[in-house]
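All remarks here apply to the structure that follows.
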Amino acid sequence: MSSSISISRTKELWELIKAGATLDAQERIMELRQAMLDLQEENLALKEELREANQQLAVPALVIDRGVYWVQLEGDSRDGPFCPLCADGAGKRIRLREAGTFSTPHQWGCDMCSSLYPA
């Protein structure tokens with residue numbers, strides 16, 4: 001609801017009260033209260049959407065190297081590796097762990113989706 005709408009409704013409410021139409025005025029007050037609650041709800045949803053968008057902007061982008069994702073830091077350093085299946089599918093950055101065994105010594109594994117990747 002814009003401020004011009006609320007001002008016109010307030011003037012209408014005042015006229016109803018002056019004319020002694022208290023039942024109509026009470027109905028208008030209830031409408032204004034509901035409109036205010038709707039605006040508060042919309043405002044909270046927009047704030048949450050903005051917070052999520054700002055978080056996404058603050059998170060460094062992933063780069064792929066040898067089939068897994070990394071976060072490129074300053075210079076040649078990087079953070080990771082991260083699971084590409086979880087990143088692409090669920091949008092989550094799940095760090096891979098060393099999962100090598102005697103028969104397959106050089107592997108990374110994801111604890112979330114159980115995928116294995118060559119190290």
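The values are calculated or read from the model by the stated rules, or taken from the named source; none is laboratory data. Everything numeric here is computed off the predicted structure, so don't read it as measured data. Cβ sites come from the backbone with ideal geometry, for glycine too, and all protein chains shown count toward neighbours.
Here is a yes/no grid of residues against (1) acidic (Asp, Glu); (2) modelled with pLDDT of 80 or more; (3) part of a helix (DSSP H, G or I); (4) in the same structural domain as Asp111 (by TED's automatic domain parsing):
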{"residue": "Thr10", "(1), (2), (3), (4)": "no, no, yes, no"}
{"residue": "Gly20", "(1), (2), (3), (4)": "no, no, no, no"}
{"residue": "Met30", "(1), (2), (3), (4)": "no, yes, yes, no"}
{"residue": "Leu39", "(1), (2), (3), (4)": "no, yes, yes, no"}
{"residue": "Leu46", "(1), (2), (3), (4)": "no, yes, yes, no"}
{"residue": "Glu52", "(1), (2), (3), (4)": "yes, yes, yes, no"}
{"residue": "Val71", "(1), (2), (3), (4)": "no, yes, no, yes"}
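What's the number of the condition Cys113 fails, among (1) modelled with pLDDT of 90 or more; (2) out of contact with any helix residue (DSSP H, G or I) (no Cβ under 7 Å at 6 or more places or on another chain); (3) surrounded by 11 or more Cβ atoms within 10 Å (Cβ to Cβ)?
(2)
For Gln56, are the conditions met, namely being surrounded by fewer than 12 Cβ atoms within 10 Å (Cβ to Cβ) and over 30 Å from Gly109 (Cα atoms)?
no
Which members of segment 80-91 meet the condition of being surrounded by fewer than 13 Cβ atoms within 10 Å (Cβ to Cβ) and either at pLDDT 90 or above or within 25 Å of His106 (Cβ to Cβ) (or both)?
Selection gives Asp88, Gly89.
Going through segment 73-91 one residue at a time, which ones are assigned to a loop (DSSP other than H, G, I, E, B) and in contact with a strand residue (DSSP E or B) (Cβ under 9 Å, 6 or more places away or on another chain)?
Leu73, Cys83 - these are the residues of segment 73-91 that are assigned to a loop (DSSP other than H, G, I, E, B) and in contact with a strand residue (DSSP E or B) (Cβ under 9 Å, 6 or more places away or on another chain).
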